[in-house]
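Trainee: Provided herewith is a single structure, encoded as structure tokens, for subsequent inquiry.
The values are calculated or read from the model by the stated rules, or taken from the named source; none is laboratory data. Predicted, not measured: the structure shown is a model, and the values here were computed from it. Methodologically, a virtual Cβ is constructed for each residue, glycine included, from the backbone with ideal geometry; neighbour enumeration extends over all protein chains shown.
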């Protein structure tokens, strides 16, 4: 390529962003197909390749591919279409689907996570298509459904083999334009404990199920504490998010049921960690509490992912930031994203990047800066233009 295409005008970017916000793609319904149709309408058939993955019930994912001069290689930029739900509309000063504009800020559910990021992706892609320019390799733009819950969009793309030739992945998330290097993993456990009831005045005659549950939680936290602190993510955590058992003040509880939310650092291997938990429940805890039975069900397993700031991909993005006059700061993602589906399978370098502040993704009056959306788009254009 002889030059880098220019970002679409602020008016054009704002128009795309507002239309995205006004389309209600919040969970649990998703309705991502509405935005898929909108994105399809923006790109001419003769300049891009389009693949729609229909999930049923008005849910769909989309891959837009801009052909490159070398069609044997590709890079992927991915962002999700769905948003979290909306509670208590009356608490919003700016209606959640109005896309109100005040100065540089655009308000609405999903403006930060992830409609602003989608607008950056779409604008970067249009910069190439409308200027008739060709990137050095194929660029896949993946717009995924259901990232906030089960990741059906990302999983479908993996199963379909659509990204098998991809060498790098840019995951669009609200990072305030900072370079995201790592994401915590997540393990959700449903734990059922069966003991033996007895009078609380003679607790030795019973087997306290709640004590057994608490002992297992303590052992899990001890396992997590063995890992060193991560410079961005901090420490792994284990939180009891639900617990019920017993019912009478004077009876030793013979049952307990609880849920755990465990967030892990990239140094934690989930398969090994879950195996250790299973061993603890079957051996150590039951030896300490004879007669106790523990059943554990893994309801969510999203591996952690991480990159080194010294990797070639991260260094390239630092150079892009310097060329644009942007400050290159590092950040992290504390929750799971589609990266936990893509990266373990593809095994390729990746980066998190996007407009918007992640602090606002679950708040009323969520907003994104239109300047941030444009800046993220400019970063993506420069990345798409570069060869390696």
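Trainee: Can you name the residue in region 225-269 that is at positive phi and assigned to a loop (DSSP other than H, G, I, E, B) and is also surrounded by the most Cβ atoms within 10 Å (Cβ to Cβ) among such residues?
Mentor: 246
Trainee: Could you go through region 139-162 and let me know if any residue there is assigned by TED's automatic domain parsing to the domain that holds residue 338 and within 25 Å of residue 325 (Cβ to Cβ).
Mentor: yes
Trainee: What residue, of 109, 88, 59, 75, is closer than 24 Å to residue 357 by Cβ, buried (at least 18 other Cβ atoms within 10 Å of the Cβ) and either in contact (Cβ under 8 Å) with a residue 60 or more places away in the chain or within 22 Å of the chain's Cα centre (by Cα) (or both)?
Mentor: Working: 88 fails: buried (at least 18 other Cβ atoms within 10 Å of the Cβ); 59 fails: closer than 24 Å to residue 357 by Cβ; 75 fails: closer than 24 Å to residue 357 by Cβ.
Just one listed residue meets the conditions, 109.
Trainee: Being at pLDDT 95 or above and outside any strand (DSSP E or B) is the filter here, so list the residues in region 135-149 that pass it. Break it down stepwise before answering.
Mentor: Taking region 135-149 and keeping what is at pLDDT 95 or above, we get 135-147.
Within region 135-149, 135, 136, 145, 146, 147 qualify.
Yes/no matrix, rows are residues, columns are (1) part of a strand (DSSP E or B); (2) free of Cβ contacts under 8 Å to residues at least 60 places away in the same chain; (3) within 24 Å of residue 375 (Cβ to Cβ):
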position: 46; (1), (2), (3): no, yes, no
position: 93; (1), (2), (3): no, no, no
position: 96; (1), (2), (3): no, no, no
position: 115; (1), (2), (3): no, no, yes
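Trainee: Let me confirm something: among 341, 314, 333, 285, which residue is crowded, with 16+ Cβ neighbours inside 10 Å and touching a strand residue (DSSP E or B) at 6+ places or on another chain (Cβ under 6 Å)? Write out each step before concluding.
Mentor: On the way: 341 fails: touching a strand residue (DSSP E or B) at 6+ places or on another chain (Cβ under 6 Å); 314 fails: touching a strand residue (DSSP E or B) at 6+ places or on another chain (Cβ under 6 Å); 285 fails: touching a strand residue (DSSP E or B) at 6+ places or on another chain (Cβ under 6 Å).
On inspection, the qualifying residue turns out to be 333.
Trainee: OK, next. Restricting the search to region 347-374, which residues are surrounded by fewer than 19 Cβ atoms within 10 Å (Cβ to Cβ) and assigned to a helix (DSSP H, G or I)?
Mentor: 359, 360, 371
Trainee: Continuing with the same structure: Among the residues that make up region 193-210, is at least one of them crowded, with 18+ Cβ neighbours inside 10 Å, touching a helix residue (DSSP H, G or I) at 6+ places or on another chain (Cβ under 8 Å) and either without any contact (Cβ under 8 Å) to a residue 12 or more places away in the chain or closer than 30 Å to residue 308 by Cβ (or both)?
Mentor: no
Per-residue answers, yes or no, for (1) under 19 Å from residue 173 (Cα atoms); (2) in contact with a strand residue (DSSP E or B) (Cβ under 6 Å, 6 or more places away or on another chain); (3) modelled with pLDDT of 95 or more:
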| residue | (1), (2), (3) |
| --- | --- |
| 1 | no, no, no |
| 31 | no, no, yes |
| 35 | yes, no, yes |
| 41 | no, no, yes |
| 53 | no, yes, yes |
| 88 | no, no, no |
| 101 | no, no, yes |
| 105 | yes, yes, yes |
